[in-house]
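Undergrad: First the structure, then my questions, so here it is.
The values are calculated or read from the model by the stated rules, or taken from the named source; none is laboratory data. This one's a predicted model, so the numbers in the text were calculated from it and none came from an experiment. Quick reminder, even Gly has a Cβ in these numbers, built from the backbone with ideal geometry, and neighbours come from all protein chains shown. All accessible areas refer to the heavy atoms of the entire protein, side chains included, with ligands and DNA or RNA removed. Shrake-Rupley method; radii C 1.70, N 1.55, O 1.52, S 1.80 Å.
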Amino acid sequence: VSDQKPLGCWSVKHGQIITCPVVCNFETHEYIAVHDDKVLRIWKNKDINLDKVFKATLSADVYRIHSLPNGGPVVLFKGGGVRTLDVLLEAPQQEIENVISDEVIKWSEAFMEGQQPVLIFATEKDGDFFVYVQKLKMNSLHKYKLEQEELSKPLSFTAYMKNQIITLLCLYSNDSVYKVLIPLQQNTEEEEQILFKSLLLNLSVSGSVLKGTSFVVLDKDHVAVLGSVAVSGEEPKECLTIWNTKFQTLQTSKELPLGTSGQLWCYEEKFFFTHGKVLTVIMYKCETSSLAAAVGKLKDTQTPDVSSFVNWNTLGDEELVVSFQSQQSVALKPESKMTLRSKRNTVAKVQPDTLSVGQLLLNLKDASTTVFEDELRQLMSKAQMPDFQATIGCVITALVNRCKTNPKYYPRNFLLQIVQTRDLSYSLCPDLMAVALEKKDVHLLQTCLQRFPDIPEEITYACLKVFLSISEAYLQRIDVNLESVICYIDMEFNNKEVKTEIVENGFNAELEQDIWDTKITKETHLTADGEFCPVGPQKAALLNAVLHSAYSETFLLPHLKNLPAQQAVLFLRYLYYLYVKCSEKINTTLPGIRSPTINQIMDWMCLLLDAHFTVMVMLPEAKELLSNLHKFVRAQVRFYSELNKIEGSLRELQRLNHQKDSQTYSIEVLELI
């Protein structure tokens with residue numbers, strides 16, 4: 001998300017409009033969309049063109065599709081009718097009943113009660129609000145009327161289900177949240193019942209009122225509200241807030257200066273909302289209270305009754321972590337709580353074991369190198385801590401920040417160890433590869449390319465440029481993972497002794513001038529079968545890491561056009577070499593671990609030719625290469641064309657061999673016509 005990297009993109013035709021949110025079918029791994037209210041589309045990741053995917057025109061307008069992990073998709077129509085997707089696909093033109101005449105659906109949600117899908121939706125008619133609860137398997141529908149509130153009306157709804165009771169929360173225009181309980185077991189035959197509500201939360205603090213636009217439930221005692229705070233004499237400021245409904249207190253808040261769309265989502269302990277022009281994701285964590293807290297053994301009266309683990313770092317680098325204490329000081333009970341990262345400096349008296357990640361990192365800001373790294377290693381060893389992945393990201397961020405402030409400090413081995421042993425991503429530590437590029441740490445860059453699934457194309461291009469510009473002589477003196485080339489490139493080379501200046505962590509910040517060779521080397525490396533590789537094994541291994549990196553052609557091509565012509569020719573020579581090597585094998589697969597596939601090689605060749613074709617046509621040194629490449633591809637096309645001609649005969653031969661099982665030695669002559 002942080003790199004705006006599209007993993008898939010599908011478009012409807014001009015004039016068509018997607019009329020409800022697209023969902024994923026968890027059982028079939030398919031996407032489901034509705035455009036123009038009635039046209040259903042279903043497709044998978046591998047599908048490219050929506051015009052060619054499954055299409056069904058329905059008999060009624062769709063309001064929303066809800067996808068349940070174990071219950072399949074459920075379709076809610078604007079008239080209040082409900083169908084499971086399977087039933088709907090059996091007869092797409094089946095008649096859909098109209099349940100809510102003259103009412104307009106305002107909100108809906110779906111749950112699983114055991115093995116049974118349950119759908120709840122709210123409607124409005126002439127200022128009155130109604131709630132419908134439908135059990136699909138029992139085909140039972142209950143209608144309720146929401147108790148009216150004078151001079152205010154519901155703006156947003158959310159709900160959760162526990163012990164066969166639906167708890168409906170309503171955000172009203174009078175800046176309050178109300179709670180409504182709806183039991184699923186109904187014995188009454190009344191057509192319409194009144195739902196009475198109780199005040200759950202008043203969204204005001206210190207004289208300021210939060211004008212909420214949307215909200216989500218975090219657990220039984222906490223809600224998150226997105227809205228704007230109106231302060232007298234000032235412009236309203238949008239912010240995300242977390243409230244404790246048990247003690248009626250504001251738990252924490254964060255101002256959103258770039259503005260939002262007013263929508264807030266919560267999924268798998270992450271907030272999703274738009275901030276400015278980007279989608280922002282913020283992690284939080286709810287954990288169970290400790291036994292010591294439950295029996296009142298915590299002696300520190302400043303300890304918050306509820307703390308929230310919220311990573312605000314997504315919104316700004318100026319704050320490593322943020323924390324707010326509860327405004328209530330009470331004995332802790334065995335209820336759910338949230339753990340908040342903190343930026344307060346008053347934690348010096350707290351025992352080290354109770355420090356949050358943010359507090360510990362702030363305390364280590366001015367520590368010596370040895371103490372700094374030892375504490376970080378101890379921090380990573382606590383695998384039982386909540387949100388361990390985010391903790392590793394904070395550790396790497398702390399190391400990278402120290403590298404920026406101290407140019408001589410670069411813990412190459414420590415960083416390499418973390419990347420090799422932890423499942424990280426580029427988004428979790430975006431500055432790591434930038435520092436590695438600055439330090440020309442090709443081994444760390446190679447490891448990141450192999451392990452990070454979400455590297456932006458700009459960084460991939462920067463790695464490629466560095467790998468192509470570095471000299472073969474220098475590469476022979478450094479450690480590079482050769483697993484991807486060791487099986488098809490001769491590994492003999494001259495070992496040379498290298499003298500380096502002793503600095504912090506053994507890293508030489510000022511690289512010698514002869515390391516970076518701007519001229520393309522003319523030496524070649526002979527492989528076992530007599531063919532020449534245009535680069536050495538170390539450089540080949542680095543280039544293979546680039547070939548394995550995921551990319552979007554649209555975003556990579558503009559960067560690839562900036563690659564110097566000589567480097568582009570060298571890279572194309574290597575790709576051509578790999579292409580020939582793959583074609584020698586029956587299964588077109590190179591031996592070794594993480595070796596490039598034929599598809600990766602072909603895709604990169606096409607990309608490189610698209611980016612530099614005009615330049616390469618005019619370069620004398622590229623003329624022979626392009627000619628050889630053209631001849632080789634043409635020969636392969638002819639070869640596969642001939643194979644296609646005898647494909648039918650080969651299939652028939654395979655069928656005949658299956659039909660008869662010869663127990664004795666025999667010679668058969670088959671004539672191919």
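Undergrad: Any residue that is open to solvent by less than 40 Å² (accessible area, probe 1.4 Å), among the small types (G, A, S) and either without any contact (Cβ under 8 Å) to a residue 40 or more places away in the chain or in a helix (DSSP H, G or I) (or both) - is there at least one of those in region 554-575?
TA: Yes, there is a match, as at least one residue in region 554-575 is open to solvent by less than 40 Å² (accessible area, probe 1.4 Å), among the small types (G, A, S) and either without any contact (Cβ under 8 Å) to a residue 40 or more places away in the chain or in a helix (DSSP H, G or I) (or both).
Undergrad: Where in region 157-196 are there strands (runs of 3 or more DSSP E), lying wholly inside it, with at least 2 residues that are among the aliphatic types (A, V, I, L, M), modelled with pLDDT of 85 or more and within 40 Å of the chain's Cα centre (by Cα)?
TA: Those strands (runs of 3 or more DSSP E) span 165-172, 176-183.
Undergrad: Can you find a residue in region 60-71 that is at pLDDT 95 or above and among the β-branched types (V, I, T)?
TA: Yes.
Undergrad: Right, here's the next one. Out of the strands (runs of 3 or more DSSP E) lying entirely within region 21-93, which hold 1 or more residues that are buried (at least 18 other Cβ atoms within 10 Å of the Cβ) and of a type in the set (K, R)?
TA: Output list reads 39-43, 62-68, 82-84.
Undergrad: Inside region 422-449, can you point out the residues that are outside any helix (DSSP H, G or I) and closer than 22 Å to M283 by Cβ?
TA: Of everything in region 422-449, those that are outside any helix (DSSP H, G or I) and closer than 22 Å to M283 by Cβ turn out to be R422, D423, L424, S425, Y426, S427, L428, C429, P430, D431.
Undergrad: When residues of region 435-466 are filtered for being in contact (Cβ under 8 Å) with a residue 12 or more places away in the chain and open to solvent by 50 Å² or more (accessible area, probe 1.4 Å), how many remain?
TA: 6
Undergrad: Mind counting the residues in region 31-60 that are touching a Cys at 6+ places or on another chain (Cβ under 7 Å) and over 23 Å from Y551 (Cβ atoms)?
TA: Qualifying residue count for the region: 1.
Undergrad: Can you tell me which residue in region 643-654 is farthest from the chain's Cα centre (by Cα), limited to those that are open to solvent by 100 Å² or more (accessible area, probe 1.4 Å) and modelled with pLDDT of 75 or more?
TA: Checking each candidate, the answer is K645.
Undergrad: Next question, about the same structure. Does L181 fit the bill of being farther than 27 Å from G79 by Cβ, in contact with a strand residue (DSSP E or B) (Cβ under 8 Å, 6 or more places away or on another chain) and not assigned by the TED database to the domain that holds F26?
TA: Against the criterion (farther than 27 Å from G79 by Cβ, in contact with a strand residue (DSSP E or B) (Cβ under 8 Å, 6 or more places away or on another chain) and not assigned by the TED database to the domain that holds F26), L181 qualifies.
Undergrad: Somewhere in region 614-622, is a residue touching a Phe, Trp or Tyr at 6+ places or on another chain (Cβ under 9 Å) and either of a type in the set (D, E, K, R) or assigned to a helix (DSSP H, G or I) (or both)?
TA: Within region 614-622 (the criterion being touching a Phe, Trp or Tyr at 6+ places or on another chain (Cβ under 9 Å) and either of a type in the set (D, E, K, R) or assigned to a helix (DSSP H, G or I) (or both)), the answer is no, since none of the residues qualifies.
Undergrad: If you check K246, K285, which single one turns out to be among the charged types (D, E, K, R), assigned to a loop (DSSP other than H, G, I, E, B) and at negative phi?
TA: Selected residue: K246, the only one of K246, K285 that is among the charged types (D, E, K, R), assigned to a loop (DSSP other than H, G, I, E, B) and at negative phi.
Undergrad: Inspect all residues belonging to region 482-504 and state whether any of them is at pLDDT 90 or above and open to solvent by 40 Å² or more (accessible area, probe 1.4 Å).
TA: no
Undergrad: For the subset of region 1-20 comprising residues that are open to solvent by 70 Å² or more (accessible area, probe 1.4 Å) and of a type in the set (V, I, T), which member is farthest from A550 (Cα to Cα)?
TA: I17
Undergrad: Here is a list: Y144, Y160, Y178, Y172. Which entry is farther than 30 Å from V229 by Cβ and surrounded by 13 or more Cβ atoms within 10 Å (Cβ to Cβ)?
TA: Result: Y144 is the single residue among Y144, Y160, Y178, Y172 that is farther than 30 Å from V229 by Cβ and surrounded by 13 or more Cβ atoms within 10 Å (Cβ to Cβ).
Undergrad: Out of region 99-131, which residues are touching a strand residue (DSSP E or B) at 6+ places or on another chain (Cβ under 6 Å), crowded, with 16+ Cβ neighbours inside 10 Å and not in a strand (DSSP E or B)?
TA: I100, E103
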